[in-house]
Every structure is written in structure tokens, then in C-alpha cells.
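Colleague: Supplied in C-alpha cells, the structure appears directly below.
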Amino acid sequence: MSDVALTQNRSRAKFWSFARPILLRLLYGLVSLLFISLITFVADEIAPGDAATARAGEKASLAQVEKLREEMGLNRPWPIRYVEFLGNASRLEFGETTVGVPTPINKLLAESLPISMKIAVMAICLAAFFGILFGTIAAIRENKLADRGILSFSTLGVTIPNYVLLPILVYVFALQLDVLPTSYELPNRQVAPEIFYLIIPVVVLALRPMATLTRLMRASMVDTLKQEFVRLSVAKGTPPFRLYAVHCFRNALIPVLTAIGTSFGYLLTGSFVVETAYLVKGIGFLAIDAITKKDTPLILATTLVTGFLFIVVNLLVDLVLPMVDPRIRESQV
Amino acid sequence: MKRKSGLSPLFWFGVGYLVLLVIFAIVGPNMRHPFDVKVGGPFLYPSDQFWFGTDEQGRDIFARLAYGARTSLVIGLVVQSIAVTVGLIVGVASVYAPKWISIPIQRFTDGMFAFPDLLLAIMIVGVFQMGVGPVIIGLSFTAWPAMARLVKNQIATLKDREFVVAAQAMGAKTPYLVIKHILPHLWGVILAVMMVDVAATILAESTLSFLGIGVQPPEPSWGQMIAVGNLNKNSYPLMLLWPCLILSLTIFALNFVGDGLRALVDPKKNQAI
């Protein structure tokens, strides 16, 4: 075999060993999306009442419902309708809502996704910044007062559920101190910068990932500080700030980056609670609203969209990690 | 960071609190008022007649908390028992079953991790009718994979230990091996993890009830009481305070007990995370 062919072969092998875990992950994600949409679909079949009865209203006669069912194509067997639904969903066509005035679901999604994404991105930035900062401080001051304080604070952050924290924050800051609004959608909303309305939901959503990231960063930094190269650079007289900021920080950051990706899943479910409780009309609010109204097409659409977002974000983390850490890049070759 | 050996005061605080909570859940509902009957005016402050006050419909908050405790504990324990049973079967099968069973099982378990738990539970509960039954089904469905992974990892470390290999060499069949030699080593870890997972289940149940898709009124649950308290927090903050307090304390206590047990069973893994 010639040299060129050998290099080509090797680079192909390199590409596959790099791409394989990511492709597998994508495959798992897609299969689980299929699985979840199937469960939702079948469960809806089992549950009494369908889109036609919901659309027809309570006073409709059986014949009217039957006619509507035929019009909406609901009298065909469910596997056919499921396949049809998948086909439409892959073209991002989710149809219309079946409860109340028929509204195109795409329009609802387009209205609700931006605000949810805004809150999620702000929350993850806040969580990452303070999590990494507090974690680093705690690790440097291991077992001292600052460390103890940060650790107990993060324990609180992990255990207190967001639906307990949010009402308490609203009670203190909106009702007692009157410095923040009581909810995002106010009937007589004054002209104030939007950030003002986002503070409480973002802080509540950020607290838990912040706590987990703090703990992770602390543990990771403590491990790094115990390694040989740190002792060497101390012996060589590296000033403390340079030691922490340049030598240790990047090494300690890697597990934390992975965790930022996984905490996005928490942000998704957290946003269901926060958006419902603070009346933010985002995708979480939309999903819960759809469930309480039994609006099946909307339930399916919100499930698929949130699930898809989760999978994409985790995929992005998988792609970014090797760029940050040469060791991962090497180990994948 | 290594903790001192022996059980911390926090562990004993947790045990004490949980014992009180169980007594509260068993005795409480019968000693005061029925949970769904108007017994006084709305928004009454605590008195010797209504120990924790009354809610927006004049129902006794103490009685409702006690019923809520019963609901939460029952759901937590039932869900985790199902999760442990399924997790044990799946975990053992994914190590000892023939390949054509174990590989699909492993893939399926891995696949379950590809999606956020609570989101899945919300969807399952959402499309069935809401209530205690669907909540148990939905949460069990999302709780077993973690247990299966734990069992599988534990067995993987036990599998090559001398006493297991010796038993195998003496001709022990797989079922005998698993029941007599493997399982006795797992109970401690499972119990410790189960404590923490019961806390997670109770949290998930309250989340669903808070969102209005879990336990349905008039049957009381903590999550739903927090949701109603949230609406009335301006006029009557006490109604928000009680369920928040009891829920947070329960979660703390279960975590302390779980951590303590874990430290007892598995001293090496006793780290800050």
C-alpha cells in the first residue's frame, strides 16, 4: 500500500473514531424522541375523548362529532395517523390546535420559543459564571470558612425546589419590598426594561445548576491542585494568581463544561415550573396549558420540540469538548 | 474531603424527623378534621382549634398537610419499590442474561437516559387522566433506569471477586449465585440510594401537583397546596409557608439519611459530590 493510501486510511479511521460516539448519541436521541412521541400518541388513543369531541364542544350530538371526526381524518387506524404525524413533524408542520379557536401551532411555537430560550441562556450564563467562580474560591480556600459557607449554600441550592423558591422570592422582593414585578405578564404593565421582568425567573432557574456547578468545580479544582505539576510550579515560584488562573483553571474546567450541557435538561423542566408560576408565556407554559386542556397536537409538538432542543444541546457539548481538551481529542483517536 | 466515620448529627436529625413525619402521616389525618370539609372561616390564623390555621375554603391546614404527607410518602415508597424491583431484574439480566437479551436491555436502559426524566413523566401523566395512579405510573417509568444502572455497576465490581469466582468454580448455578452471593451485598447500597431517590420522587410528585397535572383536588398534596398558597401569598402568607417548610424539611431529612447510610455502607465513595 502506498503512503498516500495509508494516510488516507488513517485519517478516515481517525474521523470515524471521532464521529462514532457523536453519531451514536444522535441516534439514541432520535430513537428516544420517536419512542416518546409514540407513547404520547398511543396514550392519547387509550384515553377517553379525542380531538373531535374536544373541537365539537360539550353540546354537540354524536352524529356531529362523527362527522367532524371524518373531516379531521380521525376515523383511520392510529398507526397510519402516527406515521402521517411523523412525516408532517419532520417537515415542521404541526397542524392546528384542537381546543378553542384553531390556531396554527407553528405560530404558537414561534411566539413562545424566543422568550424561553432567552431565559434559559441567561440562566445558564449566570449559573456558569457564579458556579465556576464560587467553586474556584471554595477549592482555593479548602476547608476554611469561605469553603464551608459556599458548600452549605450549594447544598441549599440543590435541595430547595424551584416552586418553593419562586413564591418566596416574589413574596419578599415583589410584595414586601416592591422592587420587582410580581409576574411577567401584568395587566397594566408599565414601561420598564424587559430585563426587570426576567430577574426572578432567571435567578430561580439558575440557582440549581449554579449549585451543582459550584460543587463540581470545587471537586475538580481540588483534584487539580493536588497534582504534581502544581507543586512544581509552586516550587518554581509562580505567583498564586497566575498559578490558579493559568495553570489550574483550564484543567479543572473540563468536567464542568460537560455538566453545563446536562444541566440544560434541568433548565427545560425547570422552565415548565418557572414559566407557569411566573406567567411567562414560553414553551413550558404552552406545554402545561396544552396538557390541562387536553390539546393533543400541541402536546405532541411541544414534546418533540423540547426533546429535540435537549438532544441538540448535548450534541453541541460533545462537539465542543474535544476542542477545549486536547486529551479528549487524543483519546478519541 | 473525607467525613469522619460514624454517623453525623444530621443523620440522626433526619431519622428523627422522618419518624415524626411517618407518625404525622399515619395519625394526623384521623386526629383533627377531615381534609375536604369546611370547618371554619377562610384564612384563619393558627389557634388551638386549627393548629396551622385554615385555607382559602376554610379547611383545616393541619389535616390537609397530614393527608398530603400520606400521599407523598405512599407515592415515594411505591414508585421506588417498583423502581428497585425493575432495576434489580434489569440490572441482573444485563450482566448475567444471554447476549440476545442483555444487549437490547442495555441499549434500552441507555436510551432512557437520553431524555430528561421529569419531562417524560409530565408527558405520560399529561396524556393519561391525572391523579395518583398515573403519577405513580409516570414516575416509576422514569425512575427505574437509574436503579438498573446502579445494580449493574455494583454487580460488575462484585462479579470477579474471589468468593463469587469460588462459588462458580464449585458449580453454583447463576440464579443461586445471584441470590446467595450477589444480592446480599447490594441491599445496603440500594437502601441508601433509595432514600435519596424517594426524596427525588416526592419532589417530582410535588412538581406535577404544583403544575396542576398530578394529584387532583379535593385530595390534598403538598405541591398543590404550594400552588394555591402561591396565589394567596399576598393576603395570607402562612398558607404558602407551611407546605414549603414541610416539603423542604422532608427533602433535607431524606438526603441526610441517604448520605449517612451511604457513608456507612460505602466509606470510599463518601465525597462531596
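Coordinate-derived values only; no laboratory data. Note that the structure is a prediction, hence the values are computed from the model and not measured. Because the Cβ atoms are built from the backbone with ideal geometry, glycine has one as well, and the counts that use them run over all protein chains shown.
Colleague: I want to verify a result. In a Gaussian network model of chain B, Cα cutoff 10 Å, which of these has the top mean-square fluctuation: B:Val165, B:Val95, B:Val125?
Modeller: B:Val165
Colleague: If you don't mind, another one. Quick one: dipole size for the protein assembly as shown, taken about the Cα centre, charges +1 on Lys/Arg Cβ and -1 on Asp/Glu Cβ, in debye to the nearest 20.
Modeller: Dipole about the Cα centre, nearest 20: 2160 debye.
Colleague: Are any of the pairs A:Lys67/A:Lys107; B:Lys99/B:Lys173; B:Lys99/B:Lys152; B:Lys152/B:Lys180 more than 21 Å apart by Cα-Cα distance, and if so, which?
Modeller: A:Lys67/A:Lys107
Colleague: Right, another one. Give me P(r) over the stretch A:105-332, computed from all C-alpha to C-alpha distances, binned every 10 Å, as integer percentages.
Modeller: Bins of 10 Å from zero give 7, 27, 30, 21, 11, 3, 0 percent of pairs.
Colleague: Taking Cα pairs under 8 Å and at least six residues apart, what relative contact order does the stretch A:105-332 come out at, in percent?
Modeller: 28 percent
Colleague: At 18 angstrom or more along the helix axis (alpha-carbon based) and mean Kyte-Doolittle of 0.0 or higher, what helices does chain B contain? Whole DSSP H runs only.
Modeller: In chain B, the long hydrophobic H runs are B:9-31, B:61-96, B:132-158, B:183-210, B:238-265.
Colleague: In degrees between 0 and 90, to the nearest 10, how far off the longest principal axis of chain A does helix A:145-159 point, with axes built from Cα atoms?
Modeller: Once rounded, one gets 20 degrees.
Colleague: When the Cα atoms of the protein assembly as shown are enclosed in a convex hull and the volume is divided per residue, what value in Å³ results?
Modeller: 238 Å³
Colleague: Could you work out, residue by residue across B:220-228, how many beta carbons of other chains sit within 10 Å of that residue's beta carbon, and then give the average as an integer?
Modeller: 2
Colleague: In peptide B:205-212, what is the residue-averaged number of other protein chain Cβ atoms found within 10 Å of each Cβ?
Modeller: Numbers: counts 0, 3, 7, 1, 1, 10, 10, 5.
Per residue, the average neighbour count from other chains is 5.
Colleague: Would you mind working out the magnitude of the charge dipole of chain B relative to its Cα centre, with +1 at each Lys and Arg C-beta and -1 at each Asp and Glu C-beta, to the nearest 20 Debye?
Modeller: 940 debye
Colleague: Choose one of B:Gln224, B:Ala146, B:Thr157: the residue whose Cα lies farthest towards the positive end of the charge dipole of chain B (beta-carbon charges +1 Lys, Arg; -1 Asp, Glu; about the Cα centre).
Modeller: B:Thr157
Colleague: Sticking with this one: Where is the GNM fluctuation largest for chain B (alpha-carbon springs, 10 angstrom cutoff): B:Arg107, B:Arg70, B:Arg149?
Modeller: Comparing B:Arg107, B:Arg70, B:Arg149 in a Gaussian network model of chain B, the most mobile one is B:Arg107.
Colleague: List the relative contact order of chain B as a percent without decimals, with contacts defined as Cα pairs under 8 Å and 6+ residues apart.
Modeller: 25 percent.
Colleague: Which residue fluctuates most in the GNM of chain B (Cα springs below 10 Å): B:Leu203, B:Leu65, B:Leu231?
Modeller: Top of the fluctuation ranking is B:Leu231.
Colleague: Also, quick follow-up: Could you name the aspartates and glutamates in cross-link range of A:Lys226, using Cα to Cα under 20 Å and dropping any fewer than eight places away on the same chain?
Modeller: Partners within reach: A:Glu142, A:Asp147, A:Asp325.
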